[in-house]
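Single-structure report; data block below.
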Amino acid sequence: MNALEVKNLKVIFPTEMGVVRAVEGIDIEIEQGKCAAIVGESGCGKSVTSLAVMKLLSTPPAVVRVDKLVLGGTDIRDLTDKQMQKVRGKDVAMVFQDALTALNPVMQVGKQIDEIFLAHDMSERAVGENGRKLNRKKEAKRRTLEALKLVGISDAETRYKAYPHQLSGGMRQRVLIAMAFACNPNLIIADEPTTALDVTIQAQVLDVLKELQKKRNTSLMLITHDLSIVMHMADEIYVMYCGKIVERAKTRDLFKDPLHPYTMGLLGSIARIDDERGRFVQIPSSLPSPINKPSGCYFHPRCQYATEKCKEQMPPLETPENGRCVRCWNYKEIKDGKRG
Ligand code: SF4
């Protein structure tokens, strides 16, 4: 079963400067227990996609259209805000990039996790195994301490009483992970979960995330601009550019044999242990303005393989082999070395 199915998701923001087409008809499927990464530069639409899946985009200003938005078998398109409050945390949860912003600065972190258990998961557990009524607050605290230990926070009793600013960045991120896993949701969306951390702490936090995801058979949607962190995390990768999916592939296939020139550029800009190039490759220029996207293939002003056709016509998302998808007029010639 799929934990998430999204079909033809479109998000636009009408602004005074013009219409921003942030997401232009994308499809995503994540199998239960698998990790899919959405990768692309800042501003490509990946975070907007995650917020749309969580139904966290306020309408207006955002205009969201989607043909299918199914979470763990339930169509959530028409759920009200109140109904969605029950879904968030219990069926789908989010790990945000900036823990200092995501956490309440004037509340002990332990109490913040307690609140999730009290809001979602305590009613059916209000009676203990021996049939006696449990003290809800005590039971919530017990489970919070368990959750803190699970994400590798030592001295959980002391940390429970800490305020966010008293914890290190890595520890705060672990608290967010504990909160996301608290009610055992089907799907966790992690939006740049380690961007604000040092590289060594990043690796530790990713390990915690991966270990829990595997142990709980949770599905993970990992949003990142950094392809190097998804290499050991994701089963499948969606590469986004200017609001469109330009390539989708199993992680191993994508790293071994990228088909889209943008993916090649992203891979060229990361360091790999098996790399013999001795230098990094840069994608020239930067992402175009979302209000004024180029004609034809959005990537053509930055693409060394661009042809006249690329400047005029948007390529379709083709499915060449192995469930892979690629949006490029010339991917076959590029692959065969007949271009460039
Ligand atoms: Fe480059 Fe053309 Fe392919 Fe776009 S369609 S990525 S411009 S070769």
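For region 299-340, the candidate set comprises residues that are touching a Leu at 6+ places or on another chain (Cβ under 9 Å) and in a loop (DSSP other than H, G, I, E, B); within that set, the residue that is nearest to the ligand (Cβ to nearest atom) is Cys328. Taking the numbered list (1) closer than 30 Å to Leu220 by Cα; (2) at pLDDT 90 or above; (3) open to solvent by less than 40 Å² (accessible area, probe 1.4 Å); (4) not hydrophobic (A, V, I, L, M, F, W, C) in turn, Pro294 passes all entries but (1). Condition test on Arg77, is it without any contact (Cβ under 8 Å) to a residue 24 or more places away in the chain and over 15 Å from the mean Cα position of the chain (by Cα)? Judged against the criteria, Arg77 is a match. When each of Ile189, Ile245 is tested for being assigned to a strand (DSSP E or B), in contact with a helix residue (DSSP H, G or I) (Cβ under 6 Å, 6 or more places away or on another chain) and modelled with pLDDT of 95 or more, the lone residue that passes is Ile189.
Of the helices (runs of 4 or more DSSP H) entirely within region 1-118, those holding at least 1 residues that are surrounded by 14 or more Cβ atoms within 10 Å (Cβ to Cβ) and among the β-branched types (Val, Ile, Thr) occupy 46-53, 81-87, 109-116. Among the conditions (1) surrounded by 24 or more Cβ atoms within 10 Å (Cβ to Cβ); (2) in contact with a Phe, Trp or Tyr (Cβ under 8 Å, 6 or more places away or on another chain), the only one that Ile189 does not satisfy is (2).
Among the residues of region 62-81, is any touching a strand residue (DSSP E or B) at 6+ places or on another chain (Cβ under 8 Å) and at positive phi? Among the residues of region 62-81, at least one is touching a strand residue (DSSP E or B) at 6+ places or on another chain (Cβ under 8 Å) and at positive phi, which makes the answer yes.
Filter region 224-263 down to the residues that are within 16 Å of the chain's Cα centre (by Cα) and hydroxyl-bearing (Ser, Thr, Tyr), then identify the one that is most open to solvent (accessible area, probe 1.4 Å). Out of the qualifying residues, it is Ser228.
Scan region 266-279 and tell me whether some residue there is within 16 Å of the ligand (Cβ to nearest atom), free of Cβ contacts under 8 Å to residues at least 24 places away in the same chain and within 30 Å of Tyr305 (Cβ to Cβ). There is at least one residue in region 266-279 that is within 16 Å of the ligand (Cβ to nearest atom), free of Cβ contacts under 8 Å to residues at least 24 places away in the same chain and within 30 Å of Tyr305 (Cβ to Cβ).
So which residues in region 154-186 are among the basic types (Lys, Arg) and either over 17 Å from the mean Cα position of the chain (by Cα) or surrounded by fewer than 19 Cβ atoms within 10 Å (Cβ to Cβ) (or both), if there are any at all?
Arg159, Lys161, Arg172
The values are calculated or read from the model by the stated rules, or taken from the named source; none is laboratory data. Note that the coordinates shown come from a computational prediction; the quantities given were computed from them, not determined experimentally. Note: ideal-geometry Cβ built from the backbone for every residue, glycine included; neighbour counts use all protein chains shown. Remember, those area values only see protein heavy atoms, side chains included, never the ligands or the DNA or RNA. Shrake-Rupley method; radii C 1.70, N 1.55, O 1.52, S 1.80 Å.
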